[in-house]
Structures are given as structure tokens and as C-alpha cells.
Amino acid sequence: MTLFATSRQLTLDLTTPPAHARADFLAAPANEAALRVLDQPLSWPQGRMLLIGPEGSGKTHMAAFWAAENGARRISAAALRPDAADLLAAEGGAVVVEDADHAGFAAGAEQALFHLWNLCGPRDCLLLLTARQAPRDWGLVLPDLRSRMDAMPQVHLGPPDETLLAAVLVKLFADRQLSVSAGLIDWLVLHMDRDLGLARRLVAAMDRAAMAEKGPVTRRIAADLLDNLSAERA
């Protein structure tokens with residue numbers, strides 16, 4: 001959608017929120033092991049699990065449907081506060097802390113995560129954390145929290161294969177209500193890195209470009225933006 005204000009043209013991103021139900025999840029070899037672990041929470045050591053994967057790998061989607069199926073409360077690590085831990089860790093309940101690798105950079109978040117860890121065990125409350133990196137790279141200051149995070153059982157999301165990358169691209173375009181040809185999907189899979197974070201940024205940029213040009217998503221737009229995004233990462 002494009003709005004006009006005097007001589008300025010503004011392009012607004014009015015995408016449909018991504019579909020995060022289990023039925024919308026794209027199962028593949030890259031996430032098979034993680035999905036199997038998430039589906040057996042009663043087997044988690046002390047009811048705790050850390051899901052690690054790069055940007056765009058599906059952590060948020062998996063956390064969303066896992067939370068829905070297990071009645072879990074969801075919160076981002078950056079929003080954690082020490083006084084909220086008691087409310088989050090319900091007796092016999094479940095809680096998801098997303099982007100736990102941000103806890104080391106948010107005021108009060110480390111202490112809150114430490115409290116949450118200590119409360120979940122005695123209360124038989126399942127605890128699922130998501131992060132892009134292993135705890136050693138979170139910048140944690142509290143030694144007791146660092147030791148607990150290092151000892152936490154982990155499951156990793158692997159790199160996508162061509163089939164998963166193509167399916168993710170189709171879903172990203174569909175989430176934005178964009179109609180693209182199978183040929184464009186095939187071209188993107190052949191020319192881009194197997195990076196789901198890059199796929200998300202690329203589709204968003206293509207959507208903005210197409211709206212600005214008031215036309216369809218084309219291979220020319222895709223090629224130009226892919227070159228730009230690849231140069232930024234270099």
C-alpha cells in the first residue's frame with residue numbers, strides 16, 4: 001500500500017502476520033531432530049530444554065506451536081524482570097523464553113532467568129529456551145546462571161537443504177500475500193545461500209520494492225536485491 005503526503009511517497013509494510021500453527025510448520029531433515037525432542041517434553045532432563053538455531057531457522061514458529069499445545073506462557077528474554085519469574089513459573093505449567101541469548105544485555109533479565117530456572121524445577125514447570133548461539137556467547141555476567149545455562153540440555157536446528165529453502169520462500173511470499181512463479185522460486189534457490197534469515201530479509205525487501213514500483217515481484221528485482229544483501233554481508 002502506498003500513501004502520498006505532499007511530495008513524499010511512503011511505502012507501508014502491511015503484511016499478514018506469519019502463520020505459526022503446527023500445520024504451517026515445514027518439517028524437514030534440518031529440523032527433524034529438534035521437532036522430535038520438542039514433542040517429548042516429559043523426557044527432558046529436569047523438564048528443561050534449549051533450542052538453538054540461526055536467524056530464520058524456525059525457532060519462533062516451533063516455540064509458538066509448542067506453547068499453544070502445552071499451555072505455555074511466552075516471553076522474550078529482553079522483557080524478563082525478576083519480579084515476574086514467580087508468575088511465569090506456574091505449578092505444573094510451562095514457559096517459553098525466546099531469544100535467551102539477549103538476556104546478558106537487558107537490565108534485570110539475567111537475574112530473572114536465574115529465578116525462573118530455580119522455580120521451574122520444584123514446581124514441575126516445563127522450561128523451553130530459544131537462542132541463536134550457545135550460552136558461552138550470551139555475554140552472561142552471573143556465574144551461577146552461566147553454569148546452569150552451560151549444563152542445560154540442547155537441541156540444534158541444522159542448515160536447510162534446497163527443498164526446505166524453497167518451501168520457506170513459498171511460505172514467506174504467501175505470508176505477504178505475494179503471488180510469484182515457481183520459476184522465480186527455483187532461481188532464488190539456485191542463486192542464494194541456504195540461509196533462512198537471508199530468505200526472510202530478501203522477501204521483505206522484494207515486497208517493498210514491488211510496492212514502490214507498483215508492479216509484480218520480478219527476477220530483476222530479486223537479482224538486484226540479492227546482490228545488495230550479499231554485498232552487505234560480505
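Some observations on this one:
- The listed residues are V217, V203, and the only one of them that is touching a residue at least 12 places away in the same chain (Cβ under 8 Å), surrounded by 17 or more Cβ atoms within 10 Å (Cβ to Cβ) and in a helix (DSSP H, G or I) turns out to be V203.
- Exactly one residue out of P160, P153 is modelled with pLDDT of 95 or more and on the phi < 0 side of the Ramachandran plot: that is P153.
- Within segment 71-123, tally of residues that are within 19 Å of P41 (Cβ to Cβ), of a type in the set (D, E) and more than 23 Å from the chain's Cα centre (by Cα): 1
- Within segment 128-185, considering residues that are of a type in the set (S, T, Y) and farther than 30 Å from V217 by Cβ, the one farthest from the chain's Cα centre (by Cα): S147
- Taking (1) assigned to a loop (DSSP other than H, G, I, E, B); (2) open to solvent by 60 Å² or more (accessible area, probe 1.4 Å); (3) not hydrophobic (A, V, I, L, M, F, W, C) in turn, P160 satisfies each apart from (2).
- For segment 118-133, the candidate set comprises residues that are open to solvent by 20 Å² or more (accessible area, probe 1.4 Å) and of a type outside the set (K, R); within that set, the residue that is nearest to A68 (Cα to Cα) is L126.
- Out of T16, T2, T11, sole residue that is more than 14 Å from the chain's Cα centre (by Cα), closer than 25 Å to Q177 by Cα, at pLDDT below 65 and surrounded by 14 or more Cβ atoms within 10 Å (Cβ to Cβ): T11
- Scanning segment 182-200 for residues that are aliphatic (A, V, I, L, M) and open to solvent by 30 Å² or more (accessible area, probe 1.4 Å) gives A182, L190.
- Test: residue in segment 103-112 that is out of contact with any Pro (no Cβ under 9 Å at 6 or more places or on another chain), surrounded by 22 or more Cβ atoms within 10 Å (Cβ to Cβ) and in a loop (DSSP other than H, G, I, E, B): no
- Candidate set: segment 163-200, residues that are of a type in the set (D, E) and in a helix (DSSP H, G or I); chosen: the one modelled with the lowest pLDDT: D175
- Pairs are defined by a Cβ separation below 6 Å, a sequence spacing of at least 6 or placement on different chains, a first member in segment 74-88 that is farther than 15 Å from K59 by Cβ, and a second member that is open to solvent by 50 Å² or more (accessible area, probe 1.4 Å) and outside any helix (DSSP H, G or I); the pairs so defined are L88/R73.
The values are calculated or read from the model by the stated rules, or taken from the named source; none is laboratory data. None of the values given here were measured: they were computed from a predicted structure. Every residue, glycine among them, receives a Cβ derived from its backbone with ideal geometry; neighbour counts consider all protein chains shown. Surface areas here come from the heavy atoms of the whole protein model, side chains and all, with no ligands, DNA or RNA. Shrake-Rupley method; radii C 1.70, N 1.55, O 1.52, S 1.80 Å.
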